[in-house]
Amino acid sequence: MATQLKIRVNGHVHDVSAGRDTPLLYVLRNELHLIGPRFGCGLAQCGACSVLLDGKELRSCVTPVVAVTGRSITTLEGLPALWAEKRRRKPSSPPELHPLQQAWIEVGVPQCGYCQSGMMIQAADLLSTNTQPTEDDIRAAMNGHLCRCGTYPKILKAIKRAAAVMAKGRA
Amino acid sequence: MTNLFEKEFSRRAFLKGGGALIVGFALARVGVSDSAASPGAPLPISNDQVDSYLTVHGDNTVELFSSIMERGQGTRTSLLMIAAEELDVGMDQISHAHLDTSTTPYTGLAGGSQGTSIGGSFVRAAAASARQSLLGLASANLGVPIARLSVERGVVSGRGRKVTYGELIGGKLFNVKIPEHRQRNDLGVFQYVVRAGLEPGEAPAKPVDQYKLVGKPRPRVDVPGIVTATLPYSGDVRLPGMLHGRVVRPPGQSSLQNKATPGGPFGTNYTLELLAGGGQKVLSVDESSIKHIAGAQVVRVGNFVGVVAPDEWNAIQAAAELKVRWKTPSSPLPGNLEEALKAAEPGLPASTPIPGPVSPLLITEMGDVEAGLAKAAKTVSSTFRTSYLLHGPTGPHNAVAHVTPTKATIYHQCGPNYGLAAQGVAQAVGLPPASVREISYQGSSFYGGASTDQDCPTAAAVLSKAVGKPVRVQFMRWDDMGYDNYDAAEVIHVRAGVDATGKITAFDYIAHSQEDAAQPPSAINTGGVYLIPNRKVVGNVSPRIFMTAPLRSPMDRGPALATEQIVDELAYATGTDPLEFRRQNMTGNTRWLEVLDAVAKAARWKPGRAAAKLSDASLVTGRGFGFGTHAYGGGPQGPGLDFRTLDPTTPAAAIADIEVNKKTGKITVKHVYAAVAPGLVVNPARVEDQVIGTAVMGTSQALMEEVTFNESNVTSSDWVTYPSLRFKDHPNVTPIVIQHLDAVPGGCGEEPISALFPAIANAFFDATGVRVRQAPMKPAVVRHVLANASH
């Protein structure tokens, strides 16, 4: 059952001992001890497990680990490094937070916080292709992510704030 | 570290009346060692000692022990603010200790709108007493009278001399009792309990006008950890040698009636029976069906079936593939829910493990309803319905249990009743409650309790006991949805009348609902806001279809939906603006008027009769108002009692702006204005979060949430079969939090939900001229009421 797969997560290559068909989520959590991606439904319905695969949001709970070998995975833990890389800077220590994480703190988005890792991952995907999203753009892009505490209005606010910071950072 | 452990040793030995206790419980980032864990009885820590709540360390930092779990509402930050305020230390000098039944005193429910209001009073009393004690020590130490001392950031100064709290008491115990307090009981204004605690400003607590922290907005202390994935949640706990477990059962629970057994309603071990099999008996288990899965092992205890495996994915597959034959349930679920709920159940026998009220329950009676209706110039009469609702955390519950022959430790997110899960585990694995220790982490919020938060650790413990190793159980999405204890559905009949001067003359309210949680309809949400001379409110206990448990604002949605629509109907019948009609009928309680005026102002309410601008367009808009709160109306109440005195209860008012697509039947809530007046607001920014959160959750529940079932079992088992409001359709929210520094703090995590249900329904009438009297107001329901109204 055990395989000799290797996966690249947050800039580092890891050996995987799980079976090829094991969903990526369980490898990230149980072998790599990353706690950003979380189990919410196991059915790709809620987005709590989201990670970036080559910069695009992916549901790790239904993606077999074998499908992501040779590609680049980013979890919430990897967002600061991703931001440093985007600005072609060496990661500082401690790493400067991604503008989305900073905005999440400043706006005070989380309530229970369980869904927020997936929310920031999806927002990172959105802002990588749409640097000035409108409210409708944000509502459409985030629609696949469920929050039961009702933090949607504050997520909307935080994404706008992060977009403004990132636009300045690039200029 | 050694010092800390020695300190902790003496603290616990003292608090528990002596006895050798091993400490040194070490918490790693994503791993926990419980090798040295000691068992602790549920709620073993004395409630009347400062040392139960506070430890001052030599480095002049303070550790607070409270049993209020953070459930996403910022309550633990608010409690730190209260303690820091009373002690005069900075927020950077104080932190919360881990919630652990072997070290933490009981500080009330983390629910029922009580986390900050009542939990805060325990913390305030401890901190105020600690400060007094520290001033006494400082006076002796510095040779300066107490009256000449001042404190800043835990440094006591007087006559040019200084000493820190840490220098005064670091490493030592206070050995000081905290004041007692007379508190209104949950279940009624006329019952009081005496417990430890102080209200804001109540001596020896600090006068409210000297507050520096409390009452001002503050960020939550845990948010940076959440946003950077450095705060471990319950789901991140791993123990050495741990196996992964899953429960095996049919896809959704069957009727509770199937659980009746000759030995009592739930047999001798009802904790386990409630969890097992959905009321269905196991006929056979084919263990060979999973023999191809590495390390998978079946555990069967009575009708409980589970699997364990070293690898989590293997455990999930084994649970899915294990062949189990279940006996078909003998009692079907009702085809007609309304009829089933109205088949009133007689008073339950005293031996019933979950106490229920006697039916029917008279909540309040004033004057003569029939005479009042006879006197009315106009009368209205309607039936309202709500559905069973799911708690539905984003992440289903998870728990790690380590059971040995003599003790058990469980790691999970505890529910509002701290220590309750440990009691269920004790029963299921046959250990005395004192031998089960419960350690709690943050987790996905479940907005209520008493269901999966007990079932999941019980399942983990039963599996751990069977295999002799620590076991982690992560409930799957269908475990959470199919086996939750739902919020009770209701059927409500209301008749009311108004006289020629626009005064309400009579209000007659009869509800039918399961009331397992002993929560009759609130006397406030059933017309208590208004001065009605003839009023009667009756709750009938329905037969138990499912296990039910309170869900954020329990037993408030139906009453508010019914009452505030009836009041709107009376306003319409008299040709009056809905807000003006309310003003002329209200009791004169200024806080209710205040929230009404606040939302009206924020929304720029234009007075006028509802449904004045109806249109033939398929897309129409409307605006509606509603009042609501969360208050229990039970207890020893009788005819003639007036509930105007039921403070402190937090009033809420909401205005909803909606859009109705008459063709598709889809309602979209575009904007919610919601106001609360909770009395003293400890952290206004976090209360605004609660108003926003409850507005979004209330919209979701009012428009689309409903537990569905067929004859044999529950069929809503994921986010497709139980839809929840998505990002695209969420309303913009204008939260209004009214601060009253001089008032006792009330709740604020539930109240706007019940105000919003009728606000949306009244907006629907404003938009269409038609009443929608049931929730959820799904497109099919909307199309139905519109079609019926047009012939």
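The values are calculated or read from the model by the stated rules, or taken from the named source; none is laboratory data. Just so you know, these numbers come straight off a predicted model, no measurement behind them. Please note: Cβ atoms are built from the backbone with ideal geometry, for glycine as well, and neighbour counts cover all protein chains shown.
Numbers for the structure displayed
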item: Criterion (at the interface with another protein chain (Cβ under 10 Å from one of its Cβ atoms), buried (at least 16 other Cβ atoms within 10 Å of the Cβ) and of a type in the set (Asp, Glu)) met by exactly one of A:Glu77, A:Glu135; result: A:Glu77
item: Among the residues listed as B:Thr699, B:Thr694, the single one being touching a helix residue (DSSP H, G or I) at 6+ places or on another chain (Cβ under 8 Å) and under 23 Å from B:Asn589 (Cβ atoms); result: B:Thr694
item: Residue within segment B:719-731 that is over 20 Å from B:Glu564 (Cβ atoms), surrounded by fewer than 24 Cβ atoms within 10 Å (Cβ to Cβ), within 19 Å of the chain's Cα centre (by Cα) and facing chain A (nearest Cβ under 10 Å) present; result: yes
item: Count - residues of segment B:135-152 that are surrounded by 14 or more Cβ atoms within 10 Å (Cβ to Cβ) and not polar (S, T, N, Q); result: 8
item: Test: residue in segment A:118-131 that is surrounded by 24 or more Cβ atoms within 10 Å (Cβ to Cβ) and under 22 Å from B:Val669 (Cβ atoms); result: yes
item: Where B:Val538 falls short, out of the listed (1) in contact with a Lys or Arg (Cβ under 6 Å, 6 or more places away or on another chain); (2) more than 14 Å from chain A (Cβ to nearest Cβ); result: (1)
item: So A:Leu97, is it away from every other protein chain (no Cβ under 13 Å), under 16 Å from the mean Cα position of the chain (by Cα) and surrounded by fewer than 24 Cβ atoms within 10 Å (Cβ to Cβ); result: no
item: Residue within segment A:106-119 that is assigned to a loop (DSSP other than H, G, I, E, B), in contact (Cβ under 8 Å) with a residue 60 or more places away in the chain, out of contact with any Lys or Arg (no Cβ under 7 Å at 6 or more places or on another chain) and at the interface with chain B (Cβ under 8 Å from one of its Cβ atoms) present; result: yes
item: Test for A:Ala163: is it more than 11 Å from chain B (Cβ to nearest Cβ) and small (Gly, Ala, Ser); result: yes
item: Top-ranked residue in segment B:286-304 [being in a strand (DSSP E or B) and modelled with pLDDT of 95 or more; ranked as nearest to the chain's Cα centre (by Cα)]; result: B:Val299
item: Output for segment A:138-153, where each listed residue is among the polar types (S, T, N, Q) and either surrounded by 20 or more Cβ atoms within 10 Å (Cβ to Cβ) or touching a Pro at 6+ places or on another chain (Cβ under 9 Å) (or both); result: A:Thr151
item: Residue tally, condition under 25 Å from B:Tyr447 (Cα atoms) and in contact with an Asp or Glu (Cβ under 6 Å, 6 or more places away or on another chain), over segment B:523-541; result: 2
item: Some residue of segment B:46-62 being modelled with pLDDT of 95 or more and on the phi > 0 side of the Ramachandran plot; result: yes
item: Residue count for segment B:209-244, restricted to those that are under 28 Å from the mean Cα position of the chain (by Cα) and either under 21 Å from B:Ile94 (Cα atoms) or not in a loop (DSSP other than H, G, I, E, B) (or both); result: 22
item: Failed item, numbered, when B:Cys748 is tested on (1) assigned to a loop (DSSP other than H, G, I, E, B); (2) surrounded by fewer than 24 Cβ atoms within 10 Å (Cβ to Cβ); (3) not small (Gly, Ala, Ser); result: (2)
item: Unique match (being at pLDDT 95 or above, β-branched (Val, Ile, Thr) and assigned to a loop (DSSP other than H, G, I, E, B)) among B:Val682, B:Val687, B:Val696; result: B:Val682
item: Among the residues listed as A:Val62, A:Val68, A:Val27, the single one being touching a His at 6+ places or on another chain (Cβ under 9 Å) and β-branched (Val, Ile, Thr); result: A:Val27
item: In segment A:84-108, the residues that are on the phi < 0 side of the Ramachandran plot and modelled with pLDDT under 95; result: A:Ala84, A:Glu85, A:Lys86, A:Arg87, A:Arg89, A:Lys90, A:Pro91, A:Ser92, A:Ser93, A:Pro94, A:Pro95, A:Glu96
item: Residue within segment B:399-410 that is crowded, with 24+ Cβ neighbours inside 10 Å and within 14 Å of chain A (Cβ to nearest Cβ) present; result: yes
item: Meets criteria (touching a residue at least 24 places away in the same chain (Cβ under 8 Å) and in contact with a Phe, Trp or Tyr (Cβ under 7 Å, 6 or more places away or on another chain)) for B:Val62; result: no
item: Selected residue (only one of B:Gly24, B:Gly90, B:Gly19, B:Gly40 is crowded, with 22+ Cβ neighbours inside 10 Å and either at pLDDT below 90 or in contact with a Gly (Cβ under 8 Å, 6 or more places away or on another chain) (or both)); result: B:Gly40
item: Given (1) without any contact (Cβ under 8 Å) to a residue 40 or more places away in the chain; (2) out of contact with any helix residue (DSSP H, G or I) (no Cβ under 8 Å at 6 or more places or on another chain); (3) aliphatic (A, V, I, L, M), number of the condition B:Val429 does not satisfy; result: (2)
